[in-house]
There are 2 protein chains.
Amino acid sequence: MSSMTIGKLSAATGVKVTTIRYYESIDLLEEPARSASGQRLYGDAAVERLGFIRHARDLGFPVAAIRELISLQVDPGRDCDLVDQIARRQLGEVRRRLTQLEALEAELKRMITACEGGKVANCSVLAALGHHEQCPRE
Amino acid sequence: MSSMTIGKLSAATGVKVTTIRYYESIDLLEEPARSASGQRLYGDAAVERLGFIRHARDLGFPVAAIRELISLQVDPGRDCDLVDQIARRQLGEVRRRLTQLEALEAELKRMITACEGGKVANCSVLAALGHHEQCPRE
DNA sequence: TCTTGCCTCTACAGTTGCTGTAGACTGTAG
DNA sequence: CTACAGTCTACAGCAACTGTAGAGGCAAGA
């Protein structure tokens, strides 16, 4: 199967058809060959490339970073310091978001356990949202 | 003190001027009074309301949920089951993102420790991104 | 062969939650 | 009086897609 339509590529990689065309439009994927009737035809290299992109996106790398990584891949003689840097930057970003989310989880949990039914008038969730400076435990 | 311009409100709540106007445009904030020359004038209630919105946004509540919460606040006689529901939904969402991020952190860490300098040609980060099927993920 | 029904094409609008810009007016301190 | 910061409206742009319309393509069944 050295040549497949966009639908097959989509099935092979788990990336939606529209998203594949979008990636092409932002030059993340290069323009594929076309059939006589104008349909896109992809080879195995496209599966590789798109799988790479998808994995990186799943890891939260922004498209700009992926573009950088691809350009590094194209030139394999260079040191991989830059690759390392990009990955570390991404790890930092992930950790930052983790810390933030953990705080949110704690506060939401506290808010919910404090809300034991009753009327909106004295709902602790709304109270907590209103008064950020303290935690109204009452 | 009971009347302030948009800049003061911004300073008082930490929400940017443009964002305040945006909230007004999507009917999250009601239209304020205006001075003779057309400048927005806010009272203390606006500080409260905007503080509430800001805190909820910080907690990751989508605007739609905040709109719901506000409409509940306006009608304090109702049961707070719905408030509770919204908060629980949000907690679920936060936990889902937490789990995902933890997996990402683990994989990035693994990728980075495996990368010990050298050339791009054998960089383990790029390899890890390329060979997605071998990555213990999700 | 015709028809059915999914696949693909292009082009463009919509999504979420803002941010930035242009060009004009207003309010205030020195 | 003159700077200069603040405010006004209206619209464009950002990320990273998703969805839509309307047209044409392709393989299999009746």
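At a glance:
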| read-out | value |
| --- | --- |
| Sequence of A:Thr113, B:Thr13, A:Thr5 once ranked by neighbouring C-beta atoms within 10 Å, starting from the fewest | A:Thr113, A:Thr5, B:Thr13 |
| Across the identical copies, how the A:Leu82 labels are spaced - nm, sorted shortest first, 7 Å along Cα→Cβ | 5.4 |
| Using a Förster distance of 45 Å, the FRET efficiency for A:Ala127-A:Ala12 (Cβ separation, nearest 0.05) | 0.30 |
| Label-point separation in nm, B:Arg95 to B:Val74, each point 7 Å along Cα→Cβ | 3.2 nm |
| Per-pair calculated FRET efficiency, R0 = 35 Å: B:Ser2 and A:Ile26 via Cβ, rounded to 0.05 | 0.10 |
| Neighbour net charge for B:Glu31 - beta-carbon separation under 15 angstrom, K R +1, D E -1 | +1 |
| Cα-centred dipole magnitude for the stretch A:1-85, charges only on beta-carbon of K, R (+1) and D, E (-1), debye, nearest 20 | 560 debye |
| Given charges at Cβ of Lys, Arg, Asp, Glu: the stretch B:6-74 dipole, positive-most of B:Val47, B:Leu9, B:Tyr23 | B:Leu9 |
| Exam field: B:Gly7 pseudo-label spacings to other copies (7 Å along Cα-Cβ), nanometres | 6.0 |
| Built amide H within the under 5 Å cut-off of B:Asp79, gap 5+ | A:Val120 |
| Shielding by other protein chains, B:59-72, mean Cβ within 10 Å | 2 |
| Copy-to-copy label separations for B:Ala33, where each label sits 7 Å from Cα toward Cβ, in nm and ascending | 7.4 |
| Inter-label distance, nm, simple model (7 Å from Cα along the C-beta direction), A:Arg67/A:Ala45 | 2.1 nm |
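Just so you know, all these numbers are worked out from the coordinates, no wet-lab data involved. None of the values given here were measured: they were computed from a predicted structure. Glycine also receives a Cβ, built like all others from the backbone with ideal geometry; neighbour counts cover every protein chain displayed.
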